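See structure below.
The values are calculated or read from the model by the stated rules, or taken from the named source; none is laboratory data. It should be emphasised that the depicted structure is a prediction, and the values quoted were computed from it without experimental measurement. Here the Cβ is made from the backbone with ideal geometry for all residues, glycine too, and neighbour counts use every protein chain on show.
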Amino acid sequence: MTGIAFGCGGKSSSNGPSGTEPSVATVRCAAPSTPTVLHQGYVTGVAALGDQAYFVDGSLSRVPLGGGEAVAIVAGNAMSGLVTTADSAFFSGTHPVGDVTPEGKQSSETALYSVPLLGGTSTFIRDRFSFGHGAADATSVYVDDVLGKILEFTPPNATPIESPIGTGRSVRDLAVNSTDVFVAFDDLSNATVRGGILKIPKGGGAALVIVATAGLPDAVAADDSAVFWFEQPPVGMFGQGHIARADLDGSKVTSLGALLATALAVGANYLYVLSDTMSRIPRVGGDPEVLASGFSGAGLLRVAGADAVWIDRYTKALSDSTPSSLMSLCLQRGALQP
């Protein structure tokens with residue numbers, strides 16, 4: 001998250017700077033200490049705030065992190081993706097355009113919408129928008145568009161601050177801390193350096209590449225002391241890839257271990273790594289500790305307080321009719337917080 005990242009590949013964060021979780025033992029979990037299925041269906045976006053998980057599955061709904069009945073917030077057409085501020089949710093949906101044909105058909109366009117988390121009427125934000133990747137803090141959301149820009153929306157202002165990321169670059173993931181937006185990108189115009197991490201000041205500014213990566217980067221997460229990402233093997237080579245971290249200026253790049261990750265969340269003491277298992281490793285590196293396993297195509301890890309929420313079977317074959325599962329887990333282990 002952290003911003004809360006969303007569907008269609010957005011893998012990064014949760015509320016508070018990039019998946020931050022507590023380090024004091026006074027915080028208690030809302031979720032059980034074993035993985036709990038909160039909802040099954042076709043989940044395309046998830047967020048976590050307080051003791052609630054918010055998700056998109058045809059409509060925007062919420063469900064307690066500890067389990068219980070889901071409550072619908074708003075319905076929409078072809079809804080997808082999700083990022084939330086402290087009081088609003090942002091998602092994409094379709095609306096009709098043009099006239100109805102004699103055959104009774106009508107074209108549609110995808111747009112960005114918002115709605116209060118307590119419910120209400122959806123507000124049209126931006127036309128011709130499809131979710132790709134995104135993050136959020138308490139007041140603003142940060143999303144990418146197809147023209148190679150990061151868009152910063154701060155309600156109620158529906159006009160975004162636009163920050164280009166550079167010609168030939170495409171976004172692979174987003175994360176935020178208190179001051180900057182971090183972008184994992186690939187660079188199709190560069191045959192030597194195919195990817196990297198760049199940062200953009202909140203409020204707009206020039207995109208600065210802080211790390212050039214040998215392999216394509218994914219699953220970026222950040223807080224106010226470091227940025228973390230999963231890095232694939234160098235182009236043309238095979239292997240598992242590894243988790244890396246750097247200071248916020250791109251210095252002191254360090255590998256934290258050979259692990260596969262589809263999503264990351266960073267905490268005070270640990271980095272949380274989601275793939276077909278949920279693991280954590282010390283922020284400074286060390287042996288991974290498996291917290292849960294047995295997933296398939298898991299993604300969109302979010303952390304709120306001492307709880308984690310994610311989607312199992314977020315990615316799967318088109319021929320696979322198995323529903324995706326919204327899952328939660330208490331991250332507390334022993335006397336220390338995560």
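Given the options Gly305, Gly257, name the one that is within 24 Å of Thr213 (Cβ to Cβ) and in contact with a strand residue (DSSP E or B) (Cβ under 9 Å, 6 or more places away or on another chain).
Numbers: Gly305 fails: within 24 Å of Thr213 (Cβ to Cβ).
Checking each option against the conditions leaves just Gly257.
Would you kindly identify the strands (runs of 3 or more DSSP E) lying entirely within the stretch 48-118 that contain at least 3 residues that are farther than 17 Å from Ser324 by Cα? Spell out the reasoning first.
Numbers: elements: 52-56, 59-64, 71-75, 80-84, 88-97, 107-116.
Once the strands (runs of 3 or more DSSP E) in the stretch 48-118 are filtered for at least 3 residues that are farther than 17 Å from Ser324 by Cα, what remains is 71-75, 88-97, 107-116.
Can you tell me which residue within the stretch 307-332, out of those that are assigned to a loop (DSSP other than H, G, I, E, B) and closer than 15 Å to Tyr270 by Cα, is nearest to the chain's Cα centre (by Cα)? Lay out the reasoning, then the answer.
Filtering the stretch 307-332 down to residues assigned to a loop (DSSP other than H, G, I, E, B) leaves 313-323, 331-332.
Within this subset, residues satisfying the condition of being closer than 15 Å to Tyr270 by Cα are 331-332.
Details: Leu331: 18, Gln332: 22 Å.
That would be Leu331.
Quick test for you: out of Ser61, Ser92, Ser33, Ser114, pick the one residue that is crowded, with 20+ Cβ neighbours inside 10 Å and out of contact with any Ser or Thr (no Cβ under 6 Å at 6 or more places or on another chain).
Working: Ser92 fails: out of contact with any Ser or Thr (no Cβ under 6 Å at 6 or more places or on another chain); Ser33 fails: crowded, with 20+ Cβ neighbours inside 10 Å; Ser114 fails: out of contact with any Ser or Thr (no Cβ under 6 Å at 6 or more places or on another chain).
The conditions single out Ser61.
Does Ala53 fit the bill of being modelled with pLDDT of 90 or more, under 21 Å from Ala30 (Cα atoms) and surrounded by 17 or more Cβ atoms within 10 Å (Cβ to Cβ)?
Working: modelled with pLDDT of 90 or more: yes; under 21 Å from Ala30 (Cα atoms): yes; surrounded by 17 or more Cβ atoms within 10 Å (Cβ to Cβ): yes.
Judged against the criteria, Ala53 is a match.
Filter the stretch 226-263 down to residues that are assigned to a loop (DSSP other than H, G, I, E, B), at pLDDT 95 or above and small (Gly, Ala, Ser) and give me whichever is farthest from Phe182 (Cα to Cα). Walk me through how you get there before you give the answer.
Just the residues of the stretch 226-263 that are assigned to a loop (DSSP other than H, G, I, E, B), to begin with: 226, 235-241, 247-253, 258-262.
With the extra rule that they be at pLDDT 95 or above, the set shrinks to 226, 247-253.
Then drop every residue that is not small (Gly, Ala, Ser), which leaves 226, 250-251.
Numbers: Ala226: 11, Gly250: 11, Ser251: 15 Å.
The qualifying residue farthest from Phe182 (Cα to Cα) is Ser251.
For the structure I just gave you, tell me whether Asp145 is closer than 28 Å to Asn177 by Cα and either in contact with a helix residue (DSSP H, G or I) (Cβ under 9 Å, 6 or more places away or on another chain) or not acidic (Asp, Glu) (or both).
It is false that Asp145 is closer than 28 Å to Asn177 by Cα and either in contact with a helix residue (DSSP H, G or I) (Cβ under 9 Å, 6 or more places away or on another chain) or not acidic (Asp, Glu) (or both).
In the stretch 186-203, how many residues are in contact with an Asp or Glu (Cβ under 9 Å, 6 or more places away or on another chain), in a strand (DSSP E or B) and not small (Gly, Ala, Ser)?
Keep residues of the stretch 186-203 that are in contact with an Asp or Glu (Cβ under 9 Å, 6 or more places away or on another chain), which gives 193-196, 199-203.
After this cut, where a residue has to be in a strand (DSSP E or B) as well, the list is 195-196, 199-201.
Okay, now just the ones that are also not small (Gly, Ala, Ser), so 199-201.
So the count comes out to 3.
Looking at the stretch 271-306, which of its residues are part of a strand (DSSP E or B), on the phi < 0 side of the Ramachandran plot, under 18 Å from the mean Cα position of the chain (by Cα) and crowded, with 19+ Cβ neighbours inside 10 Å?
Scanning the stretch 271-306 gives Leu271, Tyr272, Val273, Leu274, Met278, Ser279, Arg280, Gly299, Leu301, Arg302, Val303, Ala304.
Quick one: in the stretch 143-168, which of the residues that are of a type in the set (S, T, N, Q) and within 16 Å of Leu208 (Cβ to Cβ) is nearest to the chain's Cα centre (by Cα)?
So in the stretch 143-168, the residues of a type in the set (S, T, N, Q) come out as 154, 157, 159, 163, 167.
Subsequent filtering for residues that are within 16 Å of Leu208 (Cβ to Cβ) retains 163, 167.
Numbers: Ser163: 19, Thr167: 24 Å.
Per the criteria, the residue is Ser163.
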